[in-house]
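S.K.: Below you will find the structure I want to go over with you.
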Amino acid sequence: MNTTTAAETADQSASSTVTTPEAPPAAAPPAAAGTPAPSARALLKQLQQEFPAFRDCLPLAIGIDKQLLARMPGLDRKTMRAALGIHTGSMRYLRAMEKAKQRFDLDGTPGAEVTDTHRQHAKEQLQQRFKKEAERKKAERDAAAAEEASRQRQEKLNALAAKFSRS
């Protein structure tokens, strides 16, 4: 009976050994999920080199993703969407969208008009970013002021302690 238990224990050890190597591949997809960011940026650089609409930061035509897939059939959709997200979320693009009247295809050819809704959205996105940046800077200033006040308070306490310890 002890032999059977040992065999079962060995089987359990072997099966746990088999599952242990499976754990790293399960951990690999999150690492792989982290890698598209550099490839999305690399794709964006490539798009900026190849297409005037990206290079000149022109407002992109609706459905530009379909145009990209038609021109670059082997393109990974997820990477392309990430690259488009980086591009369309950039300050430069949002500023261009805020003032734009027309959208452009990959070659820079004018297309449809930019709607007031899209211009307003770009303006709101910029305002949110500026507000968030102002809040961050204010928090930094407040933290620095609090640190300075704390330092001065500590200096005064040390001076008082030194003054009364001599007496």
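S.K.: For Lys45 paired with Asp107, estimate the spin-label separation in nm (one decimal), with each label point 7 Å from Cα along the Cα-to-Cβ line.
M.R.: 2.8
S.K.: As an exercise, use a Förster radius of 45 Å and the Cβ-Cβ distance of Gln127 and Asn158 to find the FRET efficiency, rounded to the nearest 0.05.
M.R.: It comes to 0.45.
S.K.: May I pose another question? Using a basic spin-label model with each label point 7 Å from the Cα along Cα→Cβ, how many nm lie between Arg141 and Met72?
M.R.: Result: 4.2 nm between the two label points.
S.K.: Where does the charge balance sit around Phe54 when Lys and Arg score +1, Asp and Glu -1, over other residues with C-beta under 15 Å from its C-beta?
M.R.: +2
S.K.: Okay, moving on. With a ≥ b ≥ c taken as the square roots of the eigenvalues of the C-alpha gyration tensor of the range 65-167, please select rounded if a/c is under 1.5 and otherwise prolate if a/b is larger than b/c or oblate if it is not?
M.R.: In terms of gyration-tensor shape, prolate.
S.K.: Need one number: the % of Cα-Cα pairs in the range 124-167 sitting beyond the 11 Å mark.
M.R.: Value for the range 124-167: 71 percent of Cα pairs lie more than 11 Å apart.
S.K.: Going down the table (Lys45/Lys123; Lys137/Lys163; Lys101/Lys137), which pairs top 27 Å between alpha carbons?
M.R.: Cα-Cα > 27 Å for Lys137/Lys163; Lys101/Lys137; rest within.
S.K.: Lys156: which aspartates and glutamates have alpha carbons under 13 Å from its alpha carbon, excluding same-chain residues fewer than 8 sequence positions away?
M.R.: Straight-distance partners of Lys156: Glu148.
S.K.: Among residues other than Gly108 whose Cβ falls under 10 Å from its Cβ, what is the net charge (Lys/Arg +1, Asp/Glu -1)?
M.R.: -2
Every number in this text was worked out from the coordinates using simple rules, so none of it is lab data. Predicted model only: the values in this text are computed from it and were never measured. For neighbour counting, all protein chains shown are included, and Cβ atoms are generated from backbone atoms with ideal geometry for every residue, glycine included.
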